[in-house]
1. Does at least one position in the stretch 54-77 carry a residue that is under 19 Å from the mean Cα position of the chain (by Cα), closer than 30 Å to Lys341 by Cβ and not aromatic (Phe, Trp, Tyr)?
2. Looking at the stretch 16-28, which of its residues are surrounded by fewer than 22 Cβ atoms within 10 Å (Cβ to Cβ) and under 19 Å from Pro185 (Cβ atoms)?
3. Give the number of residues within the stretch 320-360 that are under 21 Å from Arg269 (Cβ atoms) and not polar (S, T, N, Q).
4. Hey, does the stretch 138-157 have a residue that's in contact with a strand residue (DSSP E or B) (Cβ under 9 Å, 6 or more places away or on another chain), within 30 Å of Leu19 (Cα to Cα) and either open to solvent by 20 Å² or more (accessible area, probe 1.4 Å) or part of a helix (DSSP H, G or I) (or both)?
5. Only one of Met168, Met162, Met137 is on the phi < 0 side of the Ramachandran plot, at pLDDT 95 or above and in contact with an Asp or Glu (Cβ under 9 Å, 6 or more places away or on another chain); which?
6. I'd like the residue in the stretch 249-273 that is aromatic (Phe, Trp, Tyr) and more than 16 Å from Val360 (Cα to Cα) and, out of all such residues, is least open to solvent (accessible area, probe 1.4 Å).
7. Which of (1) assigned to a loop (DSSP other than H, G, I, E, B); (2) open to solvent by 10 Å² or more (accessible area, probe 1.4 Å) is the odd one out, the single condition Gly241 does not satisfy?
8. Starting from the stretch 266-284, take each residue that is over 13 Å from Gln298 (Cβ atoms) and list its partners that are of a type in the set (Asp, Glu) and open to solvent by less than 30 Å² (accessible area, probe 1.4 Å), counting only C-beta distances under 6 angstrom and pairs at least six apart or across chains.
Amino acid sequence: MTSKPTPEGTHVKPTPEDLFFHHDVCVETRWENLYGRGYLTPASLFYIRNHGPTPIIDAQTWRLSVEGPGVENPLSISYDELLRMPSVTVTRFIECAGNGRIFFKEYQGEMPKGRPWRYGSYAVAEWTGVPLSEILMRAGIKPTAVDVMPTGLDEAAVERPMSVAKAMEPDTVVAYAMNGDLIPPDHGFPARVVVPGWVGVNSIKWVGKIYVAEEPIYVMRNTEEYVLEGPDFPPEPPAWGPILTTTPVRSGIAMAWPGTLQAGTQAIRGFAWSGHGSISRVEYSLDDGKTWADACIQEPNISKGGCRWEFIWDARPGEHTITMRATDSAGNTQPEPDAMKWNERGYDFWAAVPHPVTVV
């Protein structure tokens, strides 16, 4: 996997190479470091997907504006006011739309645009904050409102719209805490939006504005980026292809790629997740998909949060592959790699792929 040093000063938290792969301003979690660490991803191991350096924002001067033709009463909310609003705590994953992108190159021979993520731009955390619906109701959202678009205070001013229906779901939140502590700067301090089950770009970090429109909103990140563009995906003007929303079901092993294990009885562990719901089944194959057996799903198994799984393997010396396959509560099952349709930016690779393992 190609890895480049992260420019000095790009991030606040340490991102040593034994914990992360470096992709310019982004860092990908090395999954072997998640083995045996429990359900939540510690903030110290949470991947970073930035479009520039982490901004340092003073919570005392920060404001969240809620505006646009879709609200009756525009708001300007201070940090202290946000903390005093009714709150919820939800456990949900966030995943970059390009997670698994490198598999397009490995299985179809051509590397799409973007960073060569394998599994490490997925992570799950406990988020505490104010339901976005609460904020929108206080702003007097109109029945004619159609789209809601948060915008970040980073130098790229990242923004991406969602439907009013998604914005009003009870687990869509403006979060100020992560895993029981303040959100760290690299992950959105003082506040970020968490849009469960949708591609990560919708979960805007360092949010400073929420715009509510009475018509569909089209911006760069839902017309030119975060759309499926390729020979199997005709344009959907003004978007260059189908617009990404819900993330597909995926699974992976908490092990280096390729992995090395000692011979003997081994507990093989990993994660499975889906934007469509919880996980109903996880299977493994030790013979490249010819036969399958059930892994044991560990609790908790949270909708749009995912689960851990485990199985015991009598590992014999030699070269092996382990293939994991997950099925979600909506009935979606990971397909074989040749079912994946190549697209320009390598989004939505969700196939079950063999993980190479050397047993010594």
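1. The answer is no, given that none of the residues of the stretch 54-77 is under 19 Å from the mean Cα position of the chain (by Cα), closer than 30 Å to Lys341 by Cβ and not aromatic (Phe, Trp, Tyr).
2. Pro16, Leu19, His22, Asp24, Val25
3. Number satisfying all stated conditions: 16.
4. Yes.
5. When all the criteria are applied, what remains is Met162.
6. For the stretch 249-273, the residue satisfying everything is Trp273.
7. In the conditions (1) assigned to a loop (DSSP other than H, G, I, E, B); (2) open to solvent by 10 Å² or more (accessible area, probe 1.4 Å), Gly241 misses (2) alone.
8. Every condition considered, the pairs that remain are Ser274/Asp328; His276/Asp328; Gly277/Asp328.
The values are calculated or read from the model by the stated rules, or taken from the named source; none is laboratory data. Note that the structure is a prediction, hence the values are computed from the model and not measured. All Cβ positions, even for glycine, are placed from backbone atoms using ideal geometry, and neighbour counts span all protein chains on display. Heads up: the accessible areas ignore ligands, DNA and RNA and are worked out on the full protein's heavy atoms, side chains in. Shrake-Rupley method; radii C 1.70, N 1.55, O 1.52, S 1.80 Å.
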